[in-house]
Amino acid sequence: MSLQEKNEKLISDIARLVDDVVSLEELKTLLDSGKKLAIKYGVDCTAPFLHLGHAVNLWVMRRFQEDGHKVIFLIGNFTSRIGDPTGRSTTRKMLSDEEIEESANEFIKQVKTVLITDNPEVFEIRKNAEWFGNMPLSDFINLCTTITHSKLIARDMFKKRIQENSEIYLNEMLYPILQGYDSVMLDSDLTVVGSDQLFNEMMGRFFQEKFGQTKQVVMTTKITKGLWGEEKQSKSIGNFVALTDSSKDKFGKIMTLADDRIVEWMKVYTDIPLDEIETISEKLAKDEINPRNAKMKLAHSIVKRYHGQQTADLEMQQFVETFSKKTFPKDAPQIEVTSKNINIIELIGMCCNEMSKSQIRRLVQQGAVLLNDAKISDPQAEVILEMNNTLKVGKRNFFKVVVS
């Protein structure tokens, strides 16, 4: 395969994930030069949490890695002290060095589920305190002289705060300058980001031109709605599938996906061939296929991508047995209790320690709790346990409860 054919295949492979490129012609020129690209991937260490939406960027970069290009994983250990104002209507709190380091390590652990991280030819870790930590104040002031106030406040979230008469702090105004200068220090050729980071990375192109470098290509990826609602995947809303979710949780969560976004998720979050997705889309539109079956294919494909074929097959089998044949899962976690008499809220709390008492109480009141196949709907109920018990909480949480 010639270099041109190889590059055309790369661009074709990622097209289904890409929203826009600034600019595609620049990217083609870089690729056709035969240069191994330096791909900037920066993280603000304020929230070490990645879901399927974040992973779209990672899969694009993984495809570049497979052709020998290098991802430079930039830990914003300096800029994280300031906090990226992207998507915020209020100021972020400043983080300690310990919090930043802990978050950075967690980020690296999560990106390993997609990126090639054990080959220094295609993966490198950098930290922007390398250049900002010892930068003379005079150099930073000189850098700021290239940027006007009007250019900075053109950013959407700053405009919104001005309209709402909310404060914009100077450190937040400086953040795009710092993120843009990162591109200069890495001499990056490409950065792959969500559309919400476009302003900051266009600042990188601006600075690179000022410093006589070739401007980085900025590639934005597609953003999809979450499992439900009109928002994108969000930890606060709970409509997400996390990279750290178990294979069982991934499969179960995807089966709760709203029917109207099955096809979109297939296109963006799986490697199912597009012609096959188009056929599924047509059948869904004509009611020739049950949406549940389409979601099972989606869930199987995503679990396979992250956990392998064998695990995906097993999760599908267990899902069918549990929810279609109404059987209790054999691998349900076992919880030991010391008393036969226990309040139902307390019992569920021991099994689902990530749930708040209000969440548990709501599930009980909704009739979503079964103890030994008997529905418990009174939050005040004191239950009498047998030696071995089965507990179902909501649609996807199963436990074996043993009195020791």
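The numbers here are math on the coordinates, done by the rules we state, and not lab data. These numbers were taken from a predicted model, which means no experiment stands behind them. Heads up, the Cβs are rebuilt from the backbone with ideal geometry, glycines too, and the neighbour counts pull from every protein chain shown.
As a proxy for reagent exposure, Met219, Met1 were ordered by neighbouring Cβ count within 10 angstrom, fewest first; the result is Met1, Met219. A full extension of the chain between Glu121 and Ser12 corresponds to an added length of 36.9 nm, given 0.36 nm per residue minus the alpha carbon distance.
The C-alpha atoms of the chain define a longest principal axis, and helix 3-14 lies at about 40 degrees to it. For the chain, the longest principal axis of the alpha carbon atoms and the long axis of helix 309-319 meet at an angle near 40°. Per-peptide packing, taken as the mean over residues of other Cβ atoms within 10 Å, places 169-175, 5-11 in the sequence 169-175, 5-11 from highest down. Go ahead and run the numbers for FRET between Lys151 and Lys357, Cβ-Cβ distance against an R0 of 51 Å, rounding to 0.05. Given R0 = 51 Å and the Cβ-Cβ separation, E is 0.55. Label reach from Gln310 (point 7 Å along Cα→C-beta): in the stretch 246-260, amide nitrogens under 17 Å belong to 247-248.
Can you tell me, using C-alpha contacts under 8 Å and at least 6 residues apart, the relative contact order of the stretch 25-78 as a whole percent? Rounded, it is 53 percent for the stretch 25-78.
When only the Cβ of Lys, Arg, Asp and Glu is charged (+1, +1, -1, -1), the dipole of the stretch 275-334 relative to its Cα centre reaches about 280 debye. The residue among Ile125, Ile262, Gly68 whose Cα reaches farthest toward the positive pole of the charge dipole of the chain, with charges on the beta-carbon of Lys, Arg, Asp and Glu, is Ile262. In a simple Cβ point-charge model (Lys, Arg +1; Asp, Glu -1; nothing else charged), the chain has a dipole of about 820 debye relative to its Cα centre.
Starting from the stretch 179-219, pick out the chymotrypsin sites (Phe, Trp or Tyr not before Pro) whose DSSP state is loop and whose Cβ has at most 14 other Cβ atoms within 10 Å. Intermediate values should be presented prior to the final figure.
Working: sites: Tyr181, Phe199, Phe206, Phe207, Phe211; in loops: Phe211.
Hits after loop and neighbour filter: Phe211.
Ranked by the mean number of other Cβ atoms within 10 Å per residue, highest first, peptides 365-373, 390-398 order as 390-398, 365-373.
With the cut-off at 1.5 for a/c, could you classify the stretch 316-404 from its C-alpha gyration tensor as rounded, prolate or oblate? Judged from the Cα gyration tensor, the stretch 316-404 comes out oblate (a/c at least 1.5, b/c at or above a/b).
Taking 18 Å as the straight-line reach from the Cα of Lys6, the lysines in range (excluding those fewer than 8 positions away in the same chain) are Lys28, Lys35, Lys36, Lys70.
For the peptides 103-114, 39-50, the ranking by mean Cβ contacts within 10 Å, running from highest to lowest, is 39-50, 103-114.
Taking the Cα centre of the stretch 17-158 as origin and assigning +1 to Lys and Arg Cβ atoms and -1 to Asp and Glu Cβ atoms, the resulting dipole is close to 180 debye.
Longer than 29 Å from Cα to Cα, which of Lys112/Lys210; Lys112/Lys295; Lys235/Lys357; Lys297/Lys392 are they? Say none if no pair is. List each step's numbers first, then the result.
Working: Lys112/Lys210 35 Å; Lys112/Lys295 26 Å; Lys235/Lys357 19 Å; Lys297/Lys392 25 Å.
Correct reply: Lys112/Lys210.
If the segment from Glu106 to Lys286 were pulled out straight at 0.36 nm per residue, it would be longer than the present Cα-Cα gap by 60.3 nm. Secondary structure note: in the chain, about 50% of the DSSP beta bridges are antiparallel. Spin-label model, Thr29/Val320: points 7 Å from Cα along the beta carbon direction are separated by 5.4 nm. The gain in end-to-end length when the Asp331 to Asp249 segment is fully stretched comes to 28.2 nm, 0.36 nm per residue minus the alpha carbon separation. Remark: Ile141, Ile254 ranked as Ile141, Ile254, counting other beta-carbon atoms within 10 Å and listing the fewest first.
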